């Protein structure tokens, strides 16, 4: 059975009116059910107010039924959630697309939106890290121009670090 092409509305969370339940549901479905985050760790890691405080939350709603389909966060250099970025650099956190919306190019749209927002804010670079097991995400990042620059270990997990220069 062929999946029909879907259309998405992508914007910052305030314009999409993303509520806490939707946010928690998406992160739990993508990261916990996907086997990337332990349920007990997710309770604090994905607490909605903490997620929102990281930075600019960009969401995507499927235009027909308006359900939240995906999200990403652009973390500014002055955010307490920043881990690897230096001054005038942003980080990209928590890219997630619900399984039923995958294969429609939504992940790429969200990454490109995050890059555009970082450029609009004048950041020199955007940095992200992804678990070694997230092969699809790594392909997406490389296809959108990110370069693998390092490997790190955090909380007992191995991650690949990627970055992209945004301005000269």
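Here, each number is a calculation from the coordinates, and none is a lab measurement. Computed from a predicted structure; not experimentally measured. All Cβ positions, even for glycine, are placed from backbone atoms using ideal geometry, and neighbour counts span all protein chains on display.
Observations, loosely collected:
- Mean Cβ count within 10 Å, highest first, over the residues of peptides 38-46, 92-100, 150-158, 61-69: 92-100, 61-69, 38-46, 150-158
- Rounded to 5, percent antiparallel among DSSP beta bridges of the chain: 90 percent
- Using C-alpha pairs under 8 Å with a sequence gap of at least 6, the mean separation divided by the residue count of the range 8-165 gives a relative contact order of 18 percent.
- Computed label-point distance, nm, for sites residue 20 and residue 50 using a 7 Å Cα→Cβ extension: 1.4 nm
- For residue 43 and residue 143, the difference between the fully extended length at 0.36 nm per residue and the C-alpha to C-alpha distance is 32.8 nm.
- q = 0.13, 0.18, 0.20 Å⁻¹: log10 I(q)/I(0) that the Debye formula gives for the chain, counting C-alpha atoms only: -0.60, -1.22, -1.54
- Cα-projected label distance for residue 108 with residue 81, points at 7 Å along beta-carbon direction, nm: 2.6 nm
- Alpha-carbon centroids, the range 133-160 and the range 68-110: separation in whole Å: 13 Å
- From its DSSP helices (H runs of at least four residues, each -39,500 (n - 2.57)), the chain gives a residue-normalised ellipticity at 222 nm of -8000 deg cm²/dmol.
- Across the range 1-94, the relative contact order, built from alpha-carbon pairs under 8 Å that are at least six residues apart, equals 27 percent.
- Three-way shape call for the range 81-153 based on the alpha-carbon gyration tensor, with the a/c threshold at 1.5: oblate
- Annotation for residue 133 and residue 165: the two label points, set 7 Å from Cα along the Cα-Cβ direction, are 3.6 nm apart.
- Length available on full extension from residue 150 to residue 64: 0.36 nm per residue minus the Cα-Cα distance, which gives 26.9 nm.
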